[in-house]
Amino acid sequence: MENMRSTVKVPVWFWVSAVLGLLWNAFGVFQYLGTTGATAESLAAMGMTPEQIALQTSLPAWMIGAFAIAVFGGLAGCILLLLRKAWATPVFALSLLGCIGVFAGDAALGVFSVFGMAQAAIISTVVIIAVLLLWLSTASRRRGILN
């Protein structure tokens, strides 16, 4: 397999996709850190309503954990892609599970109704990108780009 890696020409789209994924997930980590470190006062300063603040500050630990798995898993998966490691695939699968957990939690806890349809669109986009990154790693493994 090592010989295959050295002979496989890595397409430019692979590198572009991996770097864009890395930037996307780095932004996700930034969002995670901002969310978990936020106070009611800082959320109010950002323009959130009292109802939004109450919801945001009372999210259960499993939601915070799912968010962490989603973004840190996505970031790690992109780093593994850039290193051309096959471990990117199971890491992206774990990240996708985190994204699905966040989506399910948002739906169950009423986040969509409190924050509006923009939140539903954002989380849907997050899930779609996680699916695409998992697909990219799987396809790249089949092509011999990842080892």
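Which whole-Hz couplings ³J(HN,Hα) result when phi for each residue of region 130-144 is put into the Karplus expression 6.51 cos²θ - 1.76 cosθ + 1.60, θ = phi - 60°, listed in order with x for Gly and Pro?
Once θ is set to phi - 60°, the couplings for region 130-144 become 4, 4, 5, 5, 5, 4, 4, 5, 5, 5, 5, 5, 4, 7, x Hz.
Kindly report the accessible area of region 66-147 per residue (heavy atoms of protein chains, probe 1.4 Å, no ligands, DNA or RNA), in Å².
Ligands and nucleic acids excluded, the figure is 46 Å² per residue.
Would you check the accessible area of residue 112, probe 1.4 Å, heavy atoms only, in square angstrom rounded to 10?
Its accessible surface works out to 40 Å², give or take rounding.
Helix-only mean residue ellipticity at 222 nm, the chain, DSSP H runs n ≥ 4 weighted -39,500 (n - 2.57), per residue, nearest 500. What is it?
-26500 deg cm²/dmol
Residue-wise, which Karplus ³J(HN,Hα) couplings in Hz belong to region 72-79, taking 6.51 cos²θ - 1.76 cosθ + 1.60, θ = phi - 60°, and x for glycine or proline?
Karplus-based 3J(HN,Hα) across region 72-79 equals 6, x, x, 5, 4, x, 5, 5 Hz.
With a 1.4 Å probe and all protein chains kept in place, how much accessible area does residue 16 have, in Å² rounded to the nearest 10?
80 Å²
Between residue 54 and residue 93, what FRET efficiency comes out of the Förster formula 1/(1 + (r/R0)^6) with R0 = 25 Å and r the beta carbon distance, rounded to 0.05?
So, using R0 = 25 Å, E works out to roughly 0.15.
Please compute the length gained on full extension between residue 104 and residue 147, using 0.36 nm multiplied by the number of residues separating them and subtracting their Cα-Cα distance.
Here the answer is 12.2 nm.
How big is D for the chain, in µm² s⁻¹ as a whole number, if Stokes-Einstein is applied with the Kirkwood radius of its Cα pairs at 20 °C and 1.002 mPa s?
Calculated translational D: 132 µm²/s.
Where in region 74-97 does the amide nitrogen come within less than 15 Å of the point 7 Å from the Cα of residue 8, taken along Cα to Cβ?
80-90
The values are calculated or read from the model by the stated rules, or taken from the named source; none is laboratory data. What you see is a predicted model; the values in this text were computed from it and never measured. All Cβ positions, even for glycine, are placed from backbone atoms using ideal geometry, and neighbour counts span all protein chains on display. Ligands, DNA and RNA are excluded from the accessible area calculation, which covers all protein heavy atoms including side chains. Shrake-Rupley method; radii C 1.70, N 1.55, O 1.52, S 1.80 Å.
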